[in-house]
1. If I ask for residues that are of a type in the set (Lys, Arg) and without any contact (Cβ under 8 Å) to a residue 12 or more places away in the chain, which ones from the stretch 104-146 would you list?
2. Quickly run through the stretch 86-118 and pick out the residues that are in contact with a helix residue (DSSP H, G or I) (Cβ under 6 Å, 6 or more places away or on another chain) and surrounded by fewer than 16 Cβ atoms within 10 Å (Cβ to Cβ).
3. Might you let me know whether the stretch 86-109 holds any residue that is farther than 21 Å from Arg145 by Cβ, in a strand (DSSP E or B), of a type outside the set (Phe, Trp, Tyr) and out of contact with any Pro (no Cβ under 6 Å at 6 or more places or on another chain)?
4. So for the stretch 259-268 (the condition being within 29 Å of Tyr123 (Cα to Cα) and either exposed (fewer than 14 other Cβ atoms within 10 Å of the Cβ) or touching a helix residue (DSSP H, G or I) at 6+ places or on another chain (Cβ under 8 Å) (or both)), does at least one residue qualify?
5. Given the stretch 232-351, what strands (runs of 3 or more DSSP E) lie entirely inside it while holding 2 or more residues that are touching a Gly at 6+ places or on another chain (Cβ under 9 Å) and either without any contact (Cβ under 8 Å) to a residue 40 or more places away in the chain or in the same structural domain as Asp32 (by TED's automatic domain parsing) (or both)?
6. Does Val67 satisfy the condition of being within 25 Å of Pro117 (Cα to Cα) and free of Cβ contacts under 8 Å to residues at least 24 places away in the same chain?
7. Scan the stretch 37-60 for residues that are surrounded by fewer than 15 Cβ atoms within 10 Å (Cβ to Cβ) and either in contact with a Lys or Arg (Cβ under 9 Å, 6 or more places away or on another chain) or without any contact (Cβ under 8 Å) to a residue 24 or more places away in the chain (or both) and jot them down.
8. Out of all the residues in the stretch 1-27, which are in contact with a Leu (Cβ under 8 Å, 6 or more places away or on another chain) and either in a loop (DSSP other than H, G, I, E, B) or surrounded by 22 or more Cβ atoms within 10 Å (Cβ to Cβ) (or both)?
Amino acid sequence: MSKEVELEIKDLAYGGQGVGRTEEGKVCFVADVIPGEKVVVRMIREKRDFSEAELVEVQEASQDRVVPPCEYFGRCGGCAYQHLAYPAQLLAKWNQVGVALRRIGGFSDFEVQPVVPAPQPYYYRNRITVHTREGITGFYDRSGRRVMDIRRCLIASEPVNQALAEYRGRRPFDGVRTLSSGESTGFRQTNDSVAILLLEEVAKQAGCGKLLIDAYCGSGFFAKRLRGQFEQVIGLEWNERAVAAAKTDLLPNETYLQGDVSELLPSALAQVGDDASVLLVDPPAQGLAPQVVRSILEQPCKRIVSVSCNIATLARDLKKLAPLYELTTVIPLDMFPQTAEIEIVAVLEQR
């Protein structure tokens, strides 16, 4: 039988796991716990610098603990925070953003604004990706090795759950399928209601000026909203279908270029003059490519508005830009309630 120990949970790490220390002082990570709780855990994995454990019993529960409404919570690999009251989820994510920017980014003099809450903490996802293996359709469990049979997802919208029921009813072959609430071209934010708040925040932080360069522009989600605030808008995107969609409903001040952003960005930045110019970047989760960072440093513009769903890669990229830019504003938005993910808007001004 694996060793059981008592822990006091001190923190929630990015990713959703609670952090405690054993009597020997070794850091221990465990899921489904809340800071301030005293728990009994069973050790499942020992590493040189830390341990991993599973929750056995909550001896002293936090006042923020709630009963998870989903029957799959604790086993499904999707949600991390259904046991945590929603205001406490927002506070935990706010803290995680600050910690990452300090530890990874090396920043000290900055302020993280309160997390913008989601209007709907449940039933918000406009798409899900399900897996079918040996006749079972659903999501991977927390181990990432086994597909769980999922009949209904409480963070998916009703149309998506209806699509899931219909898909399961067809007894699909083994494979992967994305089910959505409607057709879209190019990238679409997962949470429509928070996407509107994100759009408003980016428009506010971008301000107005002569030139907006929208790198990783997709089908023009941000550029279409901001084109009235700038004399010229240049969108850069690798996806051909997304660029074709962006070119519909085109105004004279809009230009969209298809290709590798790393290759397109230098010529776009060459058009930046002494007047107000803004670079908007919304890269994939892996962050900015090294060539993109080099181009930004070689041809800086007045302001950068960076949108990211990965605080670790965002902090890394901002650190690389810090020699020429000052981090002035950080706005987290809860695009993914109940999960460990967070969307962030960061604003940098040229020094």
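1. Hits for the stretch 104-146 are Arg145, Arg146.
2. Gly106
3. No, the stretch 86-109 contains no residue that is farther than 21 Å from Arg145 by Cβ, in a strand (DSSP E or B), of a type outside the set (Phe, Trp, Tyr) and out of contact with any Pro (no Cβ under 6 Å at 6 or more places or on another chain).
4. Checked against the condition, which is being within 29 Å of Tyr123 (Cα to Cα) and either exposed (fewer than 14 other Cβ atoms within 10 Å of the Cβ) or touching a helix residue (DSSP H, G or I) at 6+ places or on another chain (Cβ under 8 Å) (or both), the stretch 259-268 yields no hits at all.
5. Once the strands (runs of 3 or more DSSP E) in the stretch 232-351 are filtered for at least 2 residues that are touching a Gly at 6+ places or on another chain (Cβ under 9 Å) and either without any contact (Cβ under 8 Å) to a residue 40 or more places away in the chain or in the same structural domain as Asp32 (by TED's automatic domain parsing) (or both), what remains is 254-258.
6. Yes; evaluated as a whole, the condition is true for this residue.
7. Arg45, Glu46, Lys47, Arg48, Asp49, Phe50, Glu57, Gln59, Glu60
8. Within the stretch 1-27, Gly18, Gly20, Thr22 qualify.
The values are calculated or read from the model by the stated rules, or taken from the named source; none is laboratory data. The structure displayed is predicted, hence computed values, not measured ones. All Cβ positions, even for glycine, are placed from backbone atoms using ideal geometry, and neighbour counts span all protein chains on display.
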